[in-house]
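Worksheet: one structure, shown below.
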Amino acid sequence: MVRSAPMSPVPVERSRPGEESAAPPNVVVVVVSYNSARELPTCLASLEAQQGVTTEIHVVDNASRDESVALTRRDFPRVRLTVNRENAGFARANNQILEPSEAEFYALANPDTVVSPGAMAACVAAMRNDPRVGVAGTRLLHADGSLQPSCYTFLGLRNLFGETFGIHRLLPWIRPLSSFRMPWFKHDRVAGVDWIPGAFLVVRGEVIRSVGAFDPSFFMYGEEMDWCRRIRDAGWSVLFLPEPPVLHLVGASSKPIAGPMFVENLMGRIHFLRKHRGPIVATAARALVATSVLLRFVWCEARALALLAVGRPPSEHERLVRTMFRTAMRWVARGLPLTARATVAKSPQPSP
């Protein structure tokens, strides 16, 4: 839900008299890598090219089996590298750097992002200009330059229903049911929102020291929503900035395990609702999710059979979606356990 009226773009903070020679603010940057060798070089180069701030860049590698670790050591000697022996997940990997929380500002950047040179400075300026802002992030773009929605409302039963059954796509004007993704939001103005994804965001160190880092019970997905909920509950605001944009190649390193990652997404939603809305709402959410998976699984299988009957091979996207719902259906058949994240941690890793 949008919380603030339209505002003018946030200016980069000007120095006060006598402070012209002051050092730029330092930002500790965390990049969690998981078989991201193809994307990491461009991402890290963009982080090293940030203007208006100094950066201390950390890569936390979650047991990659590609060249992520080797190329980071070879091509980015100034980057501080942490290599995990197993896939610790997004939350715990970020916490390895966030939890000391001694810096003034921290930034999270996915390895499949390309961060505009002024993006970090714009977020820092927004927080320095308004002490109530605890988290800031900028507009995300797809690889083709089109908008990637990045402002969300906290999950509840109504918008979970709309999200689960695609009402946000079919009937986006029904706001109580489509509010999770806020399809009406134009991403062309500064606004306070409920939460933004961790593909790129900047957070005050003071916020982490007050609220804590990510909840490690979230393995992958849901942790940013939970974090922003806790941050907002503590009295801080979450701010969206339209400029400068950040390029985000969605799911670049997770496509080979799209099925388990889809299940992780569903589990994260149920876990969030159980934590923040209680067991009754979580039980209803489980029923919604199970029904949706069953219906969409049947549709995918029927479509695949129809394509086979007319002799048309499925597209790569159609095969990917079918794999996702087959994996999700197996999860539903096991009773929707919230401990299936081991399937991601132990999934076969792709070659570069």
>> For the range 72-214, report the % of Cα-Cα distances exceeding 27 Å.
In response: 33
> For the peptides 74-81, 60-67, 28-35, what is the packing order when you average, over each peptide's residues, the other Cβ atoms within 10 Å and list the highest mean first?
Replying inline: 28-35, 60-67, 74-81
>> Please list 3J(HN,Hα) in residue order for the range 156-168, calculated via the Karplus relation 6.51 cos²θ - 1.76 cosθ + 1.60 where θ = phi - 60°; whole Hz, with x for glycine and proline.
In response: x, 5, 5, 6, 5, 4, x, 5, 5, 9, x, 5, 4
> Excluding ligands and nucleic acids, what accessible area in Å² is computed for M329 using a 1.4 Å probe, to the nearest 10?
Replying inline: 40
> Would you list K275, K186 from the most to the least accessible area, probe 1.4 Å?
Replying inline: K186, K275
>> Compute a Gaussian network model of the chain, connecting alpha carbons closer than 10 Å, and tell me which residue from V83, V115, V135 fluctuates the most.
In response: V83
> Say we join alpha carbon atoms closer than 10 Å with springs in a Gaussian network model of the chain; which of P313, P183, P100 then has the biggest fluctuation?
Replying inline: P313
> What is the magnitude of the charge dipole of the range 220-310 about its Cα centre, with +1 placed on the Cβ of each Lys and Arg, -1 on the Cβ of each Asp and Glu, and no other charges, expressed in debye to the nearest 20?
Replying inline: 320
> P(r) for the range 143-267: what percent of alpha-carbon pairs falls in each 5 Å bin, starting at zero?
Replying inline: 2, 10, 17, 21, 23, 19, 8, 2, 0
> By accessible area of protein heavy atoms, probe 1.4 Å, what ranking do L171, L98 get, highest first?
Replying inline: L171, L98
> Amide H of D61: which non-local residues (sequence gap of 5 or more, or other chain) have their own amide H closer than 5 Å, using H built in the peptide plane?
Replying inline: S33, T82, V83, N84
> Short version: ³J(HN,Hα) in whole Hz for each residue of the range 214-226, in order, from phi by Karplus 6.51 cos²θ - 1.76 cosθ + 1.60 (θ = phi - 60°), x for Gly and Pro, what are they?
Replying inline: 5, 6, x, 6, 8, 7, 7, 5, x, 5, 5, 4, 5
>> Compute the distance from the alpha-carbon center of the range 258-290 to that of the range 156-234, in whole Å.
In response: 15
> With every protein chain present, what is the per residue accessible area of the range 141-279 (1.4 Å probe, Å²)?
Replying inline: 38
> Accessible area per residue of the range 35-99 at 1.4 Å probe, in Å²?
Replying inline: 48
>> Could you work out what % of the accessible surface of the chain is carbon and sulfur, using a 1.4 angstrom probe and leaving DNA, RNA and ligands out of the count?
In response: 57
> Taking the Cβ of I97 as the center, what net charge do the other residues with Cβ under 13 Å away carry, scoring Lys and Arg +1 and Asp and Glu -1?
Replying inline: -2
>> Could you give each residue of the range 52-66 its phi-based ³J(HN,Hα) in whole Hz, using Karplus coefficients 6.51, -1.76, 1.60 with θ = phi - 60°, and x for Gly or Pro?
In response: x, 9, 9, 10, 10, 9, 10, 10, 9, 9, 8, 6, 5, 10, 9
> log₁₀ I(q)/I(0) of the range 93-151 at q = 0.16, 0.23, 0.25 Å⁻¹, via Debye over equal Cα point scatterers, no solvent, to two decimals?
Replying inline: -0.64, -1.13, -1.21
> If we count every other residue with Cβ under 12 angstrom of A302's Cβ, Lys/Arg +1 and Asp/Glu -1, where does the sum land?
Replying inline: +2
>> Rounded to the nearest 20 debye, what is the charge dipole size of the chain about its Cα centre when +1 sits on each Lys and Arg Cβ and -1 on each Asp and Glu Cβ?
In response: 1360
> How big is the Cα convex hull of the chain in projection, averaged over all directions, in nm²?
Replying inline: 18.6
>> Between P25, P245, P197, where does the largest GNM mean-square fluctuation fall for the chain, given springs only between Cα atoms within less than 10 Å?
In response: P25
> Residue farthest toward the positive end of the dipole of the chain, with Cβ of Lys/Arg at +1 and Asp/Glu at -1: which of N94, N265, M120?
Replying inline: N265
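The values are calculated or read from the model by the stated rules, or taken from the named source; none is laboratory data. Predicted, not measured: the structure shown is a model, and the values here were computed from it. Note: ideal-geometry Cβ built from the backbone for every residue, glycine included; neighbour counts use all protein chains shown. Ligands, DNA and RNA are excluded from the accessible area calculation, which covers all protein heavy atoms including side chains. Shrake-Rupley method; radii C 1.70, N 1.55, O 1.52, S 1.80 Å.
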